[in-house]
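Peer 1: Before I ask anything, let me first share the structure, which is written out below as structure tokens.
The values are calculated or read from the model by the stated rules, or taken from the named source; none is laboratory data. Computed from a prediction, not measured in an experiment: that's the story for all the values here. Heads up, the Cβs are rebuilt from the backbone with ideal geometry, glycines too, and the neighbour counts pull from every protein chain shown. Ligands, DNA and RNA are stripped out before the accessible areas are found, and what is left, the full protein with its side chains, is counted by its heavy atoms. Shrake-Rupley method; radii C 1.70, N 1.55, O 1.52, S 1.80 Å.
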Amino acid sequence: MFLDIKLLKNDQIMLEEKHLPYDIENNIIHFKLENFDHYLNRTHKIFQRESDEFCFTIDLEKEKCTYQLKEISGDFDIIVDDSYWNDSENTIEIHYVIETEDEKSKIMINFNN
């Protein structure tokens, strides 16, 4: 199973990758991009990006964002100013604006099963 992904800031493409392998377990999609692990929880509308140093989690259902620094075990809550999750059978679109960034972020994922 493969997916295509676009990451945009203020509608400008910052990163685009095609044909990334992914797996699904308990309705959580996992893929690697730029040496980071990414998780999408379709049930609870959660996007997570993780490395050995940090974990960025945005929960669009609860409009909550957390940045965790693993080395110091510190969590920082970030206010979500705006968010939107659109999910269909073959696509997921995530839009959000967080307090620490003035830009609109958008993640567009297409599944190629």
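Peer 1: Taking amide hydrogens as modeled 1.01 Å from N in the peptide plane, which residues meet the under 5 Å criterion relative to residue 54, leaving out close sequence neighbours?
Peer 2: Those qualifying (amide H under 5 Å, at least 5 residues apart or on another chain) are 70.
Peer 1: From the backbone phi of the range 17-32, what are the Karplus-calculated ³J(HN,Hα) couplings (6.51 cos²θ - 1.76 cosθ + 1.60, θ = phi - 60°) in whole Hz, Gly and Pro given as x?
Peer 2: Using θ = phi - 60°, the values come out as 10, 10, 6, 7, x, 8, 9, 10, 9, 6, 6, 10, 8, 10, 8, 10 Hz.
Peer 1: List the lysines whose alpha-carbon lies under 29 Å from that of residue 62, not counting same-chain residues fewer than 8 positions away?
Peer 2: Result set, ordered by chain and number: 6, 9, 32, 45, 70, 104, 106.
Peer 1: Using the crude model of +1 on Lys and Arg Cβ and -1 on Asp and Glu Cβ, and no other charge, please compute the dipole size for the chain relative to its Cα centre, in debye to 20.
Peer 2: Here the size comes out at about 300 debye.
Peer 1: About its Cα centre, what dipole magnitude does the range 23-77 give when the only charges are +1 on Lys and Arg Cβ and -1 on Asp and Glu Cβ, stated in debye to the nearest 20? Don't skip to the answer; put the middle values down first.
Peer 2: Numbers: 7 positive and 13 negative charges, 49 e Å.
Roughly 240 debye, rounded to the nearest 20.
Peer 1: Report, to the nearest whole %, how much of the accessible area of the chain belongs to carbon and sulfur atoms, 1.4 Å probe, protein only. Kindly include the intermediate steps, with their values, before the conclusion.
Peer 2: Numbers: 3150 of 7070 Å².
Roughly 45 percent, rounded to a whole number.
Peer 1: Would you work out the charge dipole size for the range 1-40 about its Cα centre, treating the Cβ of every Lys and Arg as +1 and the Cβ of every Asp and Glu as -1, and quote it to the nearest 20 debye? Spell out each step's value before the answer.
Peer 2: Details: 4 positive and 8 negative charges, 19 e Å.
The calculated dipole for the range 1-40 is roughly 100 debye.
Peer 1: Restrict the search to the range 22-101; then list the GluC sites (Glu not before Pro) that DSSP places in a loop and that have at most 15 other Cβ atoms within 10 Å of their Cβ.
Peer 2: In loop regions of the range 22-101 (DSSP not H, G, I, E or B), the sparsely surrounded GluC sites (Glu not before Pro) are 34, 53, 61, 63, 71, 89, 99, 101.
Peer 1: Further question: Given H placed 1.01 Å from N in the peptide plane, which residues other than close sequence neighbours of residue 42 have an amide H under 5 Å from its amide H?
Peer 2: 29
Peer 1: For the chain, set up a Gaussian network in which alpha carbons nearer than 10 Å are linked by springs, and say which option among 100, 66, 57 fluctuates the most.
Peer 2: 100
Peer 1: Continuing with this model, one more query. Please give the direction-averaged projected area of the C-alpha convex hull for the range 71-113, in square nanometres with one decimal. Walk me through the numbers on the way to the answer.
Peer 2: Details: hull surface 18.8 nm².
Its average projected convex-hull area is 4.7 nm².
Peer 1: Quick one: Karplus J couplings for the range 96-108, per residue in order, coefficients 6.51, -1.76, 1.60, θ = phi - 60°, nearest Hz, x for Gly and Pro?
Peer 2: Residue by residue, the range 96-108 yields 7, 10, 10, 4, 7, 10, 7, 8, 7, 9, 9, 10, 10 Hz.
Peer 1: Whole number please: convex hull volume per residue of the Cα set in the range 1-61, in Å³?
Peer 2: Per residue, the Cα convex hull of the range 1-61 comes to 99 Å³.
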